[in-house]
Amino acid sequence: METGINHFIFISAVFLGIGLYILLTAKEAVRVLIGLSILFSSSILNISAFSGFWNFNAEGQITIFLITAICLLNISAGIILFIKHYKVYKTNQFDEVSRVE
Amino acid sequence: MHDILFYIFAAVILLSVMRIAFISNVKSSLKSFAYLLSGIFGLLIITNSQLFSLLICLLLLMIFFTAFLLKNKINEYLIIDTGATLKTNIFPALVISLLTAILASLFGNTRWQMINIDYSLNSFTMIFTKYLPFILAISLLFSVMIPVLFRIVRLSGVKS
């Protein structure tokens with residue numbers, strides 16, 4: 001079966017759904033960051049598929065550049081917050097914080 | 001050839017994402033995340049975005065080297081509960097699977113205009129076009145942003 005744009009859309013939709021599940025149900029800091037990066041990479045995959053299939057337009061590539069920059073900023077902010085969290089509560093699990101307090 | 005590669009990389013991505021979602025061990029989640037990045041690397045090559053696949057390849061190498069160099073620190077940070085049992089969160093799983101089904105069925109069944117990928121044009125030929133000023137501006141932004149981020153992360157670690 002020849003692959004088309006629909007296959008890429010299907011994969012990125014499934015990818016987005018499971019990324020959301022990981023982000024919403026995460027208890028560890030590491031898993032939150034992984035879920036966030038999965039969400040961003042699903043959008044990158046979708047945009048790159050559209051950009052590649054429509055005669056390779058450069059605007060799509062620039063959009064991917066910008067999304068990558070936003071993703072990097074989010075992840076670095078998350079790392080800073082989680083380092084602070086670890087230094088204060090001495091744990092990387094969120095459900096243990098309520099027990100400490 | 002590209003079709004077979006697409007199915008292989010899609011299988012790698014889906015398996016590793018399922019592994020991240022449904023395995024409680026954080027270390028194996030991180031390993032699966034590396035496999036996931038390699039799957040995305042492959043799919044980006046298929047969709048003719050070689051420049052970004054190269055970036056992801058560099059990111060993968062960076063993650064592996066950091067994990068190797070900071071092995072002891074990571075072991076200290078990751079609290080591994082070996083007796084943890086899997087807790088399925090049924091409500092979020094139901095809502096999200098509904099959302100995914102709607103997204104996949106709506107956009108996956110749309111009759112998109114089908115144009116075959118032209119492999120003579122790619123990310124590298126994009127560099128010397130009218131978009132050169134944008135690319136220069138973005139690369140300058142990246143070159144400033146990344147050292148500043150490293151600096152901020154280091155300072156936030158030292159202060160408290």
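The values are calculated or read from the model by the stated rules, or taken from the named source; none is laboratory data. The structure displayed is predicted, hence computed values, not measured ones. Positions of Cβ are generated from backbone atoms using ideal geometry, with glycine treated the same way; all protein chains shown enter the neighbour counts.
Looking only at the range A:23-37, count how many residues are within 7 Å of chain B (Cβ to nearest Cβ) and at pLDDT 85 or above. Residues flagged as within 7 Å of chain B (Cβ to nearest Cβ) and at pLDDT 85 or above within the range A:23-37 amount to 1. Exactly one residue out of A:S37, A:S51, A:S42 is out of contact with any His (no Cβ under 8 Å at 6 or more places or on another chain) and over 25 Å from B:V95 (Cβ atoms): that is A:S51.
Here is the figure for the range B:6-33: residues that are at pLDDT below 85 and in a helix (DSSP H, G or I) total 8.
Check the range A:53-63 and report whether any residue there is closer than 19 Å to B:L60 by Cα, assigned to a helix (DSSP H, G or I) and more than 9 Å from chain B (Cβ to nearest Cβ). Within the range A:53-63, not a single residue is closer than 19 Å to B:L60 by Cα, assigned to a helix (DSSP H, G or I) and more than 9 Å from chain B (Cβ to nearest Cβ).
Apart from one condition, A:I62 fits all of (1) of a type in the set (V, I, T); (2) in contact with a Leu (Cβ under 8 Å, 6 or more places away or on another chain); (3) farther than 18 Å from A:F15 by Cα; the exception is (2). Taken together, A:I79, A:I67 contain a single residue that is at pLDDT 80 or above and in a helix (DSSP H, G or I), which is A:I67. Of all residues in the range A:58-68, one or more are surrounded by fewer than 20 Cβ atoms within 10 Å (Cβ to Cβ) and charged (D, E, K, R).
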